[in-house]
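*Asks:* Questions regarding the structure given below will be posed in turn.
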Amino acid sequence: MFEDECQRASLRRRGVIARGVAKRCLVAFLAFAMAFSTTPAQLWAEGAEGIAEAVAQATTPGEDAALAGGAAEQSGAEVSDSGSAPAASAAASKAATGDEGSATGESPAASEQSSAASAGQAGSAAAAAVQTENPTETGDVAKKQVEVSFSIIGTDADGKAQTWVAPTQLKLDEGATAADAFVKLQQKTGFKADYDPNTAYGFYLKSITSPSDGRTLAFDPTTYAFWQLFVDGASSSVGASSVKLTQGQKVEFAYTAGSASPVVKD
């Protein structure tokens, strides 16, 4: 009987040692498989069963059943806990390997938007280049100009016709008036004049001062002389702001009471 007790004690010790070794082997095996994410769950289960069978051979029948049940439960728990490992591993692998957009640090949608933006910028640059080469297509067409001759005829101290401003060539935009030409002539030559460009009847010239002796001539109620506008030698029937200039015209303001342009005698 004593020998039987010793044998049973020895078997129990071997069973405990075997269970410890089996557990350590199982844990190491499962850790290795999970680290490389290449072993299917079925293989893990088969490995657990193989280890359980090996342990069972070194234990008593009662201990064999208990060990096998414990190993099976632990294997099932490990397999269940790691059931999401393949999916997580696939997601991690996809994130690591990426696609063409991930390699550049941006998503495919962002990459497509970036490409579209680049194409739009290139198109805008091309359109700007075409407009620069062909300015007439953008509507920035230079206005046509007309060139006229403008002079001022006053009188000397004796009342005889005298040139105060010699015929001067002026260039103005097409559509300009004789009033515009008068203002430009004054700016160009510097003579003094008193006028109102915006009366109820348009431009009104009150007086001009002689650039030679400083005499100022305005409307004379005695002789009815005034500054009269002449276009191509003929008295204008409308005011200066109503005369649209044309190319090559000869325009003058002359101080006179007559209807003809006074003749200056040298």
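Bear in mind that the values in this text are calculations on the coordinates, not laboratory data. Quick caveat, the model's predicted, so the values are computed rather than measured. Every residue, glycine among them, receives a Cβ derived from its backbone with ideal geometry; neighbour counts consider all protein chains shown.
*Asks:* Translational diffusion coefficient, Stokes-Einstein: compute it for the stretch 145-256 using the Kirkwood radius over C-alpha pairs as Rh, at 4 °C and 1.567 mPa s, and state it as an integer in µm² s⁻¹.
*Replies:* Numbers: Rh = 14.2 Å.
Answer from the Stokes-Einstein relation: 92 µm²/s.
*Asks:* Choose one of W227, V183, Y255: the residue whose Cα lies farthest towards the positive end of the charge dipole of the stretch 145-256 (beta-carbon charges +1 Lys, Arg; -1 Asp, Glu; about the Cα centre).
*Replies:* It is V183.
*Asks:* What is the calculated FRET efficiency for Q187 to S236, with r their C-beta to C-beta distance and R₀ = 22 Å, to the nearest 0.05?
*Replies:* 0.50
*Asks:* Classify the stretch 159-203 as rounded, prolate or oblate, taking a ≥ b ≥ c as the square roots of the eigenvalues of its Cα gyration tensor: rounded when a/c is under 1.5, otherwise prolate if a/b is larger than b/c and oblate if not.
*Replies:* Numbers: a/c = 2.01, a/b = 1.23, b/c = 1.63.
Oblate, since a/c reaches 1.5 and b/c is not below a/b.
*Asks:* Quick check: residue separation of R24 and K265 times 0.36 nm, minus the Cα distance between them. What number comes out in nm? Intermediate results must be reported in sequence, preceding the final value.
*Replies:* Details: separation 241, 0.36 × 241 = 86.76 nm, distance 13.42 nm.
The span from R24 to K265 would gain 73.3 nm if fully extended.
*Asks:* Let me ask something else. List the residues whose amide H sits under 5 Å from the amide H of T155, counting only those 5 or more places along or on another chain, with H placed 1.01 Å from N in the peptide plane.
*Replies:* Here the answer is Q162, since their amide H atoms fall under 5 Å of that of T155.
*Asks:* Using 7 Å Cα-to-Cβ label points, what is the S212/Y224 separation (nm, one decimal)?
*Replies:* Computed distance between label sites S212 and Y224 equals 2.8 nm.
*Asks:* Along Cα→Cβ, 7 Å out, is where each label goes; now give me the distance between the ones at D156 and A200 in nm to one decimal.
*Replies:* 4.2 nm
*Asks:* Could you work out how far apart the two model spin labels at D173 and Q145 are, taking each label as a point 7 Å from the Cα in the direction of the beta carbon, and quote it in nm?
*Replies:* Roughly 1.3 nm, to one decimal.
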